[in-house]
1. Look at GLY208 and say whether it is within 30 Å of THR301 (Cβ to Cβ), surrounded by 19 or more Cβ atoms within 10 Å (Cβ to Cβ) and of a type outside the set (A, V, I, L, M, F, W, C).
2. Specify the residue that is surrounded by the most Cβ atoms within 10 Å (Cβ to Cβ); the eligible residues are those in segment 304-330 that are under 23 Å from the mean Cα position of the chain (by Cα) and at pLDDT 70 or above.
3. When you check VAL154 against the structure, is it within 60 Å of the chain's Cα centre (by Cα), of a type in the set (A, V, I, L, M) and in a helix (DSSP H, G or I), yes or no?
4. Does GLU474 satisfy the condition of being more than 30 Å from THR20 (Cα to Cα) and either modelled with pLDDT of 75 or more or surrounded by fewer than 18 Cβ atoms within 10 Å (Cβ to Cβ) (or both)?
5. Residues of segment 83-113 being among the small types (Gly, Ala, Ser) and more than 30 Å from VAL189 (Cα to Cα), which ones?
Amino acid sequence: MAHALVSSDAAAYRSGRGITQILESARSQVEERFLEGGSVLLSVMAVLNRLLNSLESVAKALDNNEASDTSADLRATVEGLTALPVSEEKRQQALILLAQTGRELRKHVADMQETMRYLRTFAVTVKITGAGLAEFAGFAQEILERIYSGTDEVNLFAAHLDSLEKEVKLAAAFGASVSKGYADTVPAVAGALRDDAAKITEHRKDLGVIAREVGAIARGVQSKVASTLSALQIGDITRQRIEHVQATFSLLEEFFAGGDGAKLDAGARQRLQNVVHHLTATQMSDICVNFQRDSENVVKTIASFDHDMREILKLRDQMSGENGGNFMRALESSVSAAHEIVKQVDTASRQADQVSESTIGTAAKLSEAIANIRTVKTDIHYMALNTNLRCSRLGEEGRSINVVTAELRIFAGKLDDSADAIVNGLPALEAAAGRVAPAAATEAGGLGESLTSAVGNIRSAANLMENELKTLAENGHEVATKIGQLIGKLDFQHELGDVLARCADVLEGVAGADLADISDLAETIAPLDRKIFKLYTMVQERNIHRDIIPATEDTTPAPAETVRAENDEDLFADALF
């Protein structure tokens, strides 16, 4: 089949047809396919850059999480949660102390109430005893009213203590229930939160490791793409060399049409044509060898992309898995349970606050009541003293009243003792109230806010990470798609290699087996030789040319600028290739 094609194309060339079309077809296909391949590679490079930007965003999100250390905030909140049973136990002890202080005051209030009962009795006795004495009738009624007023103050005092005692009992009962529940709930909830925080931290570390692995592979692919782009110059080189072959044929035709060509007889023309056929066939064969070698390396590099992309997609799937979401759901469940505990703490704290405020308010009221009771006691004392003085002037008639009013003074004095005891006990009451809620309400509220804040931060970080991973997944998929296209579009050997080989076979068929001797034509063809030689941009082409057409002495000196231009061009070509 190859021989049939070669024979057909050779015959076409000998009749002036075919070879130009074959070379142009090969050149245009090379140009088209390599331009297309370059465009695909550039699009892959662009999406790889987006993938790496996504990875940077993921890494930045992880760094921000580490900097804000929301898990550390959560752990600190857990420590606060763990401390709740101890805080509640202290509050219970403070309530017990407050209740005990209240009971001690209650004893003194009972003494005052007992004293007021005695005073009422004595006042009634005074009223009865002095019934026959006009000057004592008004006094007896007045002192009795003052005693009733004092009794009301003492009873009001007792009512305040009763109210306080009820509040303390209610707070203590609720606190005891909460404290009992803590033993069952707090350790489990705190442990779950610790585990969740540890899992989130570990998950982020894993994401960081995977992100670095994906980044390393993606940068490796990026480097391969860059090297492949560089290697694609084989297409440009191949195109240029085919153009040089085409130009060689054109220069030969121009030579034959010119004056120097007209000097050659038919045999000389045929020999020159044979040498040019061998030159173009050898150049084309070398083009095929170089193209086969370099394009094979390109295809191997591109084939390696497939494994790299499978690794990237596998790692991408690991990063985009549901573990993060599961962690968040578990965390939110644990936090919900913690919030229930915090609500209980809040309720207990509010009650404790209420008790503390009520106690402080009650202490103020008790101080006021004590002052009123002291005033009543003073009034009773002086009224009784005045009565004693009057009774002394009445002699026997006032003696019985004098005895009763003396008792009034004695018992009124006992009010002072009870009042002093209560006044001395009020600071202890206020101190006990302060210990009931040292900072419980603030701690409970702060704990709830810390939980909400920590979970909010973690949720925001998770959402950010989810968005970044979604973008990463999309870019990873796009890279995989682009590389899939690339592998199909850059299999140059499958089509272009066959086209170039066909061209080489045709030219070799036209050249034939024997290379003609044109040494006798060296001077005549020297201008053609120099023009063809000047086409080349690579040392390799020049070496092939000189192997077939040896250099001849040029007796015509070339202009200095031309020599420099040619030397510069040679040096540039040597540097590039």
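1. Answer is no for this residue.
2. For segment 304-330, the residue satisfying everything is ILE312.
3. no
4. For GLU474, the condition - more than 30 Å from THR20 (Cα to Cα) and either modelled with pLDDT of 75 or more or surrounded by fewer than 18 Cβ atoms within 10 Å (Cβ to Cβ) (or both) - is met.
5. ALA99, GLY102, ALA110 - these are the residues of segment 83-113 that are among the small types (Gly, Ala, Ser) and more than 30 Å from VAL189 (Cα to Cα).
One line per residue, one yes/no per condition, for (1) modelled with pLDDT of 90 or more; (2) in a helix (DSSP H, G or I):
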site: ILE483; (1), (2): no, yes
site: HIS494; (1), (2): no, yes
site: VAL499; (1), (2): no, yes
site: ALA504; (1), (2): no, yes
site: ALA516; (1), (2): yes, no
site: THR537; (1), (2): yes, no
site: ARG546; (1), (2): yes, yes
site: ARG564; (1), (2): no, yes
site: LEU571; (1), (2): no, yes
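The values are calculated or read from the model by the stated rules, or taken from the named source; none is laboratory data. Not measured: the values here are computed from a predicted model. As a convention, Cβ positions derive from the backbone with ideal geometry for all residues, glycine included, and neighbour counts pool all protein chains shown.
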